[in-house]
Amino acid sequence: MGFLEKLKGATKSPPRVGYKEIFWSWLGGALGIGLLGLLASDALALQQRFLLIGSFGASAVLLYGAPKSPLAQPRNLLGGHIFSALVGVCCYKLLGEEPWLASAMAVSGAIVLMHLTRTLHPPGGATALIAVLGGESIHALGFWYCLNPVGLGASIMLLVALVVNNIPSHRRYPEFWI
Amino acid sequence: MEESRDDFGEIPGEFGSCGIFMREEDVLEAMREIPGYLDITPSDFQEVYKHACRHALKRIMFAVKARDIMTREVLAVTPEMPAAHVARAMASRGISGVPVVDEKREVLGVISEKDFFRLMGAWELPNFMAVVARCLTERGCVAFPLKEKKARDIMSSPAITVQEETPAVDIARILKQKKINRLPVLDKNMHLVGIVSRADILKLPFLGG
């Protein structure tokens, strides 16, 4: 297939899902992110205010919108976020003087590590990036960033997914654990 | 179907086209029937299906042995049987080839339509109708030289044979490479126990069965 031929695309978009499916996706997203937000704003409960980070919005799309996807499975959710966070913190510590370089290495390194560990989870790219660009409060956490907010937040979203995705008869979650 | 069904190749993947060809619309329809967002495109599915089917085919072609698909009641002839008797036996059973066996049921050779054809001078003639034409126009039938011959004179030998344990994948390969249509099947003591033909291979799943 030639280069221009490839640009035309080769197949069709998957069909739109039914309204029931959309409802449960909405409910999962609302509960998952809502719960994270509540816990994050309650400073007494978890001492940190960073439970909610942007990359969880992307995780919510996968977990509640495409729960069958290999990218949305618990292994990928937890592994993808935690490994990416590790790469991100390392890159900030080593290359923090040059934010553009640290960012590039954080995201690309996260992709590599997620591939190697079979934990590909696209929001991990954002988690790695946030470790570099998240500002003073994130930088101050050091490697704790990997556990809280990242590991803890992802675990809470996982719990919500395990409950919500298994209520309707036509849905199930997860497809696999490890 | 693009590939011919009996296009037996070296690689098991080429032993036949895989299953039913599914169009993109069929896959899309299936995806609509399954609730939940499927994180694949129709062409992803087609790609996976093609490969999976090839693996299934390979597995079956290795798992199925000659003994599973062979015909057990084999008509066999003795080396001393006159050619005319052989021809009559083949005609009455409606078969196109017979093994020639000795008293111990060891296979000495195989007689097929091709062997008759060859001895009738068809090697110089382009096809069966040319043989008929010559038969009708010239004096005497081209089959007459066969009259004095016995099974041992017309058989192809040594016979190409397989064992009961030979997998279908190897049978298909031999049939293709040797351009033959049937293979006598022998037991451990080299005695004839069955015969396996091209048609038996084609009866396997994915190959038209």
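Only one of the listed residues (B:Lys58, B:Lys50) is in contact with a helix residue (DSSP H, G or I) (Cβ under 7 Å, 6 or more places away or on another chain) and in a helix (DSSP H, G or I). That residue is B:Lys58. The set of residues from segment A:51-71 being touching a Phe, Trp or Tyr at 6+ places or on another chain (Cβ under 6 Å) and either more than 7 Å from chain B (Cβ to nearest Cβ) or surrounded by 23 or more Cβ atoms within 10 Å (Cβ to Cβ) (or both) comprises just one member, A:Pro67. Tell me, please, whether a residue that is in a helix (DSSP H, G or I), more than 14 Å from chain B (Cβ to nearest Cβ) and touching a residue at least 40 places away in the same chain (Cβ under 8 Å) can be found in segment A:105-119. Looking for residues that are in a helix (DSSP H, G or I), more than 14 Å from chain B (Cβ to nearest Cβ) and touching a residue at least 40 places away in the same chain (Cβ under 8 Å), one finds none in segment A:105-119, hence no. Out of all the residues in segment A:12-23, which are in a helix (DSSP H, G or I) and at the interface with chain B (Cβ under 9 Å from one of its Cβ atoms)? Of everything in segment A:12-23, those that are in a helix (DSSP H, G or I) and at the interface with chain B (Cβ under 9 Å from one of its Cβ atoms) turn out to be A:Lys20, A:Glu21. Summed over segment B:141-151, residues that are within 22 Å of B:Asp102 (Cα to Cα) and either touching a strand residue (DSSP E or B) at 6+ places or on another chain (Cβ under 7 Å) or open to solvent by less than 40 Å² (accessible area, probe 1.4 Å) (or both) total 3. With respect to the conditions (1) modelled with pLDDT under 95; (2) away from chain B (no Cβ under 12 Å), A:Leu27 lacks only one, and its number is (1). Could you tell me which residue of segment B:158-180 is farthest from B:Gly109 (Cα to Cα), considering only residues that are among the polar types (S, T, N, Q) and open to solvent by less than 70 Å² (accessible area, probe 1.4 Å)? So the residue we want is B:Thr166.
Against the definition (within 18 Å of B:Pro184 (Cβ to Cβ) and modelled with pLDDT of 85 or more), how does B:Met70 come out, yes or no? It is true that B:Met70 is within 18 Å of B:Pro184 (Cβ to Cβ) and modelled with pLDDT of 85 or more.
Okay, residues lined up against (1) over 19 Å from A:Ala58 (Cβ atoms); (2) more than 14 Å from chain B (Cβ to nearest Cβ):
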position: A:Ile82; (1), (2): no, yes
position: A:Leu94; (1), (2): yes, yes
position: A:His121; (1), (2): no, no
position: A:Trp144; (1), (2): yes, yes
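Among residues of segment B:37-61 that are within 14 Å of chain A (Cβ to nearest Cβ), those with a beta-carbon under 7 Å from a residue that is among the β-branched types (Val, Ile, Thr) and buried (at least 19 other Cβ atoms within 10 Å of the Cβ) at least six positions away or on a different chain give the pairs B:Tyr37/A:Val17; B:Pro42/B:Val27; B:Phe45/B:Val27; B:Gln46/B:Val27.
Residues that are touching a residue at least 24 places away in the same chain (Cβ under 8 Å), assigned to a loop (DSSP other than H, G, I, E, B) and in contact with a helix residue (DSSP H, G or I) (Cβ under 7 Å, 6 or more places away or on another chain) occur at least once in segment B:177-188. Identify, please: which residue in segment B:20-29 is in contact (Cβ under 8 Å) with a residue 12 or more places away in the chain and part of a helix (DSSP H, G or I) and is, among those, farthest from the other protein chains (Cβ to nearest Cβ)? In this case the residue turns out to be B:Val27. For segment A:150-178, a residue qualifies if it is modelled with pLDDT of 95 or more, polar (S, T, N, Q) and not in a helix (DSSP H, G or I), and the qualifying residues are A:Asn165, A:Asn166. Of all residues in segment A:134-150, those satisfying the criterion of being surrounded by fewer than 19 Cβ atoms within 10 Å (Cβ to Cβ) and touching a Phe, Trp or Tyr at 6+ places or on another chain (Cβ under 9 Å) are A:Ser137, A:His139, A:Asn148. Residue pairs whose Cβ atoms lie under 9 Å apart, sitting 6 or more positions apart in sequence or on different chains, and linking a residue in segment B:77-99 that is in contact (Cβ under 8 Å) with a residue 24 or more places away in the chain to a partner that is among the aromatic types (Phe, Trp, Tyr), are B:Ala83/B:Phe116; B:Val86/B:Phe116; B:Ala87/B:Phe116.
The values are calculated or read from the model by the stated rules, or taken from the named source; none is laboratory data. It should be emphasised that the depicted structure is a prediction, and the values quoted were computed from it without experimental measurement. Heads up, the Cβs are rebuilt from the backbone with ideal geometry, glycines too, and the neighbour counts pull from every protein chain shown. These area figures cover heavy atoms from the full protein model, side chains too; ligands, DNA and RNA do not enter into them. Shrake-Rupley method; radii C 1.70, N 1.55, O 1.52, S 1.80 Å.
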